[in-house]
Amino acid sequence: CLAYSLLRLADYKQNDVLVDPLCKDGTLLIEAGLINGKKIYGFDNNLYNIKNSEVNSKLAKVKINLIKADISWLGTKFKKNSVDKIVTAIFVHKRNKDDSIKQIKELFYQSKNILKNKLVILSNIDLEKYSIDFKLDKKYNINIGDNLYKIHIL
């Protein structure tokens, strides 16, 4: 439900080029495929996550394009203004806070070059201070269990 909701908030259409730069198990990409998305790309620098995404997409009978690479490769894989939507989830944990913040900054840096439409991010922190080149359209607070998350639409 959450992955589908993020796609709806991004106003995702089946012919949009969609990128999830932190695809983890591919849930968001699979949801896009289930609504007949054609140009769906997932990135993750963890081979285990890529393999899980492959298995999950085969079980769902959805074709997604998976790339084992970190966020810094977005600019080399996509031309300027060639991506319609970037939708992802990024979380900051106490034990690797500095690495998470670097990922967030890199995500915004890469997105400003390749993105032509919307950026939707689910996170456990406010991202406004990192999104200098983006205008925040809306922000929603949601609770999942005892955890508070934020959906940023930029």
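The values are calculated or read from the model by the stated rules, or taken from the named source; none is laboratory data. Quick caveat: nothing in here was measured; it's all calculated off a predicted structure. Note that we place each Cβ from the backbone using ideal geometry, even for glycine, and neighbour counts take in every protein chain shown. What goes into the accessible areas is simple: the full protein's heavy atoms, side chains included, and nothing from ligands, DNA or RNA. Shrake-Rupley method; radii C 1.70, N 1.55, O 1.52, S 1.80 Å.
Over every Cα atom in the range 57-103, the radius of gyration and the widest Cα-Cα span, Dmax, amount to 14.2, 37 Å.
Put a plus charge on the Cβ of each Lys and Arg, a minus charge on the Cβ of each Asp and Glu, and nothing anywhere else: the dipole of the chain about its Cα centre is then about 340 debye.
Just to be sure I understand: if I project the alpha-carbon convex hull of the range 69-144 onto a plane and average over all orientations, what area do I get in nm²? Mean shadow area of the hull around the Cα atoms is 5.5 nm². Kirkwood-type hydrodynamic radius, the range 109-154: 11.3 Å, calculated from all non-identical alpha-carbon pairs. When the label point is put 7 Å from the Cα of residue 13 along its Cα-to-beta-carbon vector, which residues of the range 24-67 have a backbone N closer than 14 Å? Flagged as within label range: 37-39.
Sorting 49-62, 91-104 by their mean Cβ neighbour count within 10 Å, with the most densely packed peptide first, gives 49-62, 91-104. Surface composition of the chain: carbon and sulfur make up 48 percent of the accessible area, probe 1.4 Å.
When all protein chains stay in place and ligands, DNA and RNA are ignored, the 1.4 Å accessible-area order of 114, 142, largest first, is 142, 114. Both numbers refer to the Cα atoms of the range 32-114; Rg and Dmax are 13.8, 38 Å. The Kirkwood hydrodynamic radius of the chain, based on inverse pair distances between different Cα atoms, is 15.4 Å. If the segment from residue 35 to residue 5 were pulled out straight at 0.36 nm per residue, it would be longer than the present Cα-Cα gap by 9.6 nm.
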